[in-house]
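Reviewing the structure listed below.
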Amino acid sequence: MKCDIADHGLADKGKLRIEWAGRSMPVLKQIKERFEQDKPLEGVTLAACLHVTTETANLCDTLKAGGAEVLVCASNPLSTQDDVAASLVENSGISVYAIKGEDTKTYYDHLNAVLDGAPNITMDDGADLVSTIHSERKDLISGIIGGTEETTTGVIRLRAMAADGVLAYPIV
């Protein structure tokens, strides 16, 4: 597991906050319990560019419980919670590249770090992962089965790519 985070010493605080948030996510908890048994994502590498928050941490833990190798970078450096990033690394064994307030160069270095994992699935917030894959990392496309996008801004970008005939894999 690789990472670039602010402070590994924040992991215990982050774990408590992730557990607290998880208590308000009963459906995700049920999915995690099923995933722990069935391992439907065994052998899948998943690259996520999302807000690194307690809610995202619970999602990442669920995906890992399902057997996925999960790599995470921040979609918005200003929303990154450094204690959550530390907990994902130290307590969940998830590769995280996110530092609150990171500069633009570091942001793109982190995008590429998760893409270095050769993902089969992308999870995006703003379509920066997908855009980077299509512009700079085309070698990854043949190994990607699909992705998700969570923002209107990202969907607009993806629809434009699809209309231009350049979107190379399906996005939900």
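The values are calculated or read from the model by the stated rules, or taken from the named source; none is laboratory data. Note that this is a predicted model, so its numbers are computed, not measured. Neighbour counts run over all protein chains shown; Cβ positions are idealised from the backbone, glycine included. Ligands, DNA and RNA are excluded from the accessible area calculation, which covers all protein heavy atoms including side chains. Shrake-Rupley method; radii C 1.70, N 1.55, O 1.52, S 1.80 Å.
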Pair list, Cβ under 6 Å, 6 or more apart: region 72-93 residue in a helix (DSSP H, G or I), other residue basic (Lys, Arg): ASP82/LYS100; ASP83/LYS13; SER87/LYS15; ASN91/LYS15
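For region 83-129, what are the residues that are among the polar types (S, T, N, Q) and in contact with a helix residue (DSSP H, G or I) (Cβ under 8 Å, 6 or more places away or on another chain)? Lay out the reasoning, then the answer.
Of all residues in region 83-129, those among the polar types (S, T, N, Q) come to 87, 91-92, 95, 104, 106, 112, 120, 122.
Passing the criteria: SER87, ASN91, SER92, SER95, ASN112, ASN120, THR122.
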Residue in region 96-105 that is of a type outside the set (D, E, K, R) and more than 15 Å from the chain's Cα centre (by Cα) present: yes
Matching residues in region 110-166 - criterion: being part of a helix (DSSP H, G or I), closer than 14 Å to VAL72 by Cβ and among the polar types (S, T, N, Q): ASN112
Unique residue being open to solvent by less than 20 Å² (accessible area, probe 1.4 Å) and not aromatic (Phe, Trp, Tyr) when the list is PRO170, PRO119: PRO119
Whichever residue in region 138-153 is in contact (Cβ under 8 Å) with a residue 12 or more places away in the chain and under 16 Å from THR45 (Cα atoms) and, among such residues, is most open to solvent (accessible area, probe 1.4 Å): ILE145
Number of the exception - VAL96 against (1) open to solvent by 10 Å² or more (accessible area, probe 1.4 Å); (2) in contact with a strand residue (DSSP E or B) (Cβ under 9 Å, 6 or more places away or on another chain): (1)
The lone exception for LEU63 - which of (1) among the hydrophobic types (A, V, I, L, M, F, W, C); (2) part of a loop (DSSP other than H, G, I, E, B); (3) within 26 Å of LEU140 (Cα to Cα) it fails: (2)
Qualifying residue in region 36-43 (condition: within 24 Å of GLY126 (Cβ to Cβ) and either out of contact with any Ser or Thr (no Cβ under 9 Å at 6 or more places or on another chain) or at pLDDT below 95 (or both)): yes
Any hit, region 33-46, residues being touching a residue at least 12 places away in the same chain (Cβ under 8 Å), open to solvent by less than 90 Å² (accessible area, probe 1.4 Å) and among the aromatic types (Phe, Trp, Tyr): yes
Any pair with Cβ under 6 angstrom, 6 or more apart, that starts in region 1-29 at a residue that is closer than 28 Å to LEU115 by Cα and ends at one that is part of a strand (DSSP E or B): MET1/SER95; LYS2/SER95; CYS3/SER95; CYS3/VAL96; ASP4/TYR97; ILE5/VAL96
Residues (surrounded by fewer than 23 Cβ atoms within 10 Å (Cβ to Cβ), closer than 19 Å to PHE35 by Cβ and touching a Phe, Trp or Tyr at 6+ places or on another chain (Cβ under 7 Å)) located in region 55-77: ALA65, GLY66
